[in-house]
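The values are calculated or read from the model by the stated rules, or taken from the named source; none is laboratory data. The model shown is predicted, which means the values in this text are computed figures rather than measured ones. Positions of Cβ are generated from backbone atoms using ideal geometry, with glycine treated the same way; all protein chains shown enter the neighbour counts.
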Amino acid sequence: MEKVENILKTNKVRPTAMRLLIYNYLTGLDEAVGLTDIENAFLEKEGLSMEIDRTTLYRTIKTFQQKGLVHAIEDGTGTTKYALCESDCSGEKHNDLHLHFFCNDCKKTVCLTDHKIPKIELPRGYEAEQLDLLIKGVCDLCQPD
């Protein structure tokens, strides 16, 4: 937990107990998750039957997003998913310019951080504020043998 506390402090986020729990939970995932997924994980966690206040959860995720700790992914399901940012993100600039993959079978959304989105030159007078690239298909775990 001490390492997580240092990460939060470095990114100017006060390390409250709930923020530490949520960040720690996100570090153990290999997929992006929605707010309901996080909420349910805390309800189901053995020995930690705690209800997480939805407002606190939402504010925590928004704070993490504003400080460059998580990024949001719109995968077409109608639910915004969140995943930890790479270490070079900041509150001023998210550098998560990588592909995201949504599996049509298992419905998981994953970051493909090794596959970067190339720099796109926009026409004069256009300014990009957000760039997302989502690929939909079947993940390696759902592929038939």
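Some observations on this one:
- Whichever residue in region 103-141 is modelled with pLDDT of 95 or more and among the polar types (S, T, N, Q) and, among such residues, is surrounded by the most Cβ atoms within 10 Å (Cβ to Cβ): Thr109
- Residue among Tyr82, Tyr58 that is at pLDDT 90 or above, more than 11 Å from Asn11 (Cα to Cα) and surrounded by fewer than 18 Cβ atoms within 10 Å (Cβ to Cβ): Tyr58
- Qualifying residue in region 38-55 (condition: at pLDDT 90 or above and in contact with a strand residue (DSSP E or B) (Cβ under 6 Å, 6 or more places away or on another chain)): no
- Residue count for region 55-85, restricted to those that are assigned to a loop (DSSP other than H, G, I, E, B) and farther than 24 Å from Lys107 by Cβ: 3.
- When residues of region 62-79 are limited to those that are in contact with a Phe, Trp or Tyr (Cβ under 8 Å, 6 or more places away or on another chain) and polar (S, T, N, Q), the one surrounded by the most Cβ atoms within 10 Å (Cβ to Cβ): Gln65
- Residues satisfying the stated conditions in region 6-32, i.e. assigned to a helix (DSSP H, G or I) and among the hydroxyl-bearing types (Ser, Thr, Tyr): Thr10, Tyr23, Tyr25, Thr27
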